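Single-structure report; data block below.
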Amino acid sequence: MSEQHSINIAAHHNIYTGISNRELRIDFSTPQNGVNHNTGLLIFVPGFGANIDSKVYKKMREVFADTYNMVTIQCNYFGNAFMQSADHFKLKNPQDLQKILTKDELEITAKDSSALLKILAEKNILLPVLADIKENAEEFNDMSYMQAIDIISAIEAVRIILGENDLTFNVNRIIGYGHSHGAYLLHLSNRLVPNMFSFLVDNSAWIEPVYLSSNRVLYQKIGRSTLAIEFDYLAKKMIKNKQNLNLETLYNNFNGKTQILSFQGDEDNLVDYQKKKRVVEGIGNSAFILVKKDDVDNFKYKSNGHGLNADFLELFSFALEFERPRQEAIEREIKHRVDLEYLSVEVDFTHGLPVFDFK
């Protein structure tokens, strides 16, 4: 069985505040038979509702390391804690309680607010509430640069660890595998550090983070009731020049050599698949697989909606059938600059872990 590791490193400074007191947790697995010159690197990037401790991702890190001779990596990227469900919330319209509860129930909740959920659980209603997630500038779901920086840093940290332990691995095989927003972050990472990945597998990445312009709504059952939990993320206010985060803008005049394979359902309610197809096919060295109703095989994908209700293990196995080995190493630039439409980013690997300067 593969060997499991978990480390915490000093993370990249917060680009919004400049403060450098962050830590980045990185979990990685090495093959049971050890690391050799054929061993590649594979990073998993989950989207909303999953994280580094999700059972499916823990299983993938463990199983894929041996199955595919990969060092499998995952990190607890910036703001991920706010991408899950919400333990605390407040009523979106407090006056709704007057319509829902009886006079006696109102008196009970006035004396003991903790009794509200127990009372609501007995009612067959849909109740809109606001998630109380307490984001601030030091830690929030930015859905963009900080999250991508952590992903890039996690890969680089593992590369450094392998090198310091005199373990030779295949630098020409670095794969990113992402779902939904996680797949989007791989695209953003690929743009910030071109050619870092040899192969990028995208399951349902959106063209731009949807929740930078609209609120996320998560439905949660509480007994007979359903809570419509609305998340109004701080990133909507913090992120400037949001158009830079659109894949069409990011990949404009891009000449990277990463092989990209993108899966998208034709009934995805978050992504215009026709526009996504145009974007992906315009990148170069890329392929777009549209999943229609007749393509649903109930094996690797069980729907043609967002995320494809995919079996992550089987989808990855299928994706590898399209992988083309990188024939020659692409030497990394110690320093490079990424010029976007309204933004310039300087990236410096001089001291090992990358430093990003946004101008």
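Quick note: the coordinates plus some simple rules give every number you see, no bench work behind them. A quick note: this is a predicted structure, and the numbers were derived from the prediction, not measured. Quick reminder, even Gly has a Cβ in these numbers, built from the backbone with ideal geometry, and neighbours come from all protein chains shown.
Descriptive notes on the structure:
- Based on Cα atoms of region 50-100, Rg over Rh with Rh as the Kirkwood radius reads 1.34.
- Projected-area mean, region 129-230, by convex hull of Cα positions, square nanometres: 9.4 nm²
- Phi to ³J(HN,Hα) by Karplus 6.51 cos²θ - 1.76 cosθ + 1.60 over region 7-19, Hz, x for Gly, Pro: 9, 10, 10, 5, 8, 4, 4, 5, 6, 8, 10, x, 7
- Per residue, the average separation of C-alpha pairs within less than 8 Å and at least 6 apart gives the chain a relative contact order of 16 percent.
- Translational diffusion of region 1-45, estimated by Stokes-Einstein from the Kirkwood radius over alpha carbon pairs at 25 °C in a medium of 0.890 mPa s, is 190 µm² per second.
- With distances taken between every two different alpha-carbon atoms, region 63-129 has a Kirkwood hydrodynamic radius of 15.8 Å.
- ³J(HN,Hα), Karplus 6.51/-1.76/1.60, whole Hz, each residue of region 125-139, x for Gly, Pro: 9, 10, 10, x, 9, 9, 5, 9, 9, 6, 6, 8, 4, 6, 7
- Under 5 Å, built H, 5+ apart or other chain: amide partners of F48: H181, G182
- The chain, dipole about Cα centre (Lys/Arg Cβ +1, Asp/Glu Cβ -1), debye to the nearest 20: 600 debye
- Compared with the alpha-carbon gap, the fully stretched path from R332 to T226 is longer by 33.1 nm at 0.36 nm per residue.
- Cubic angstrom per residue, convex hull over Cα atoms of region 1-105: 173 Å³
- Remark on the chain: ratio of C-alpha radius of gyration to 2.2 N^0.38 Å is 1.06.
- Loop-resident trypsin sites (Lys or Arg not before Pro) (DSSP state other than H, G, I, E or B) in region 165-225 with no more than 16 further Cβ atoms inside 10 Å of their Cβ: R224.
- Each label point was placed 7 Å from the Cα along the Cα-to-Cβ direction; for N252 and N285 their separation is 2.3 nm.
- In order through region 258-266: 3J(HN,Hα) via Karplus (6.51 cos²θ - 1.76 cosθ + 1.60), integer Hz, x for Gly, Pro: 5, 7, 10, 10, 10, 9, 8, x, 7
- Local electrostatic count at A154 - Lys and Arg +1, Asp and Glu -1, tallied over other residues with Cβ under 11 Å: -1
- Length added when fully stretched, H351-I15, from 0.36 nm per residue minus Cα-Cα: 119.1 nm
- Using only the C-alpha atoms, the convex hull of region 50-172 corresponds to 177 Å³ per residue.
- Across region 224-312, the volume of the C-alpha convex hull divided among the residues equals 153 Å³ per residue.
- Förster radius 35 Å - calculated FRET efficiency between K99 and K240, Cβ distance, rounded to 0.05: 0.30
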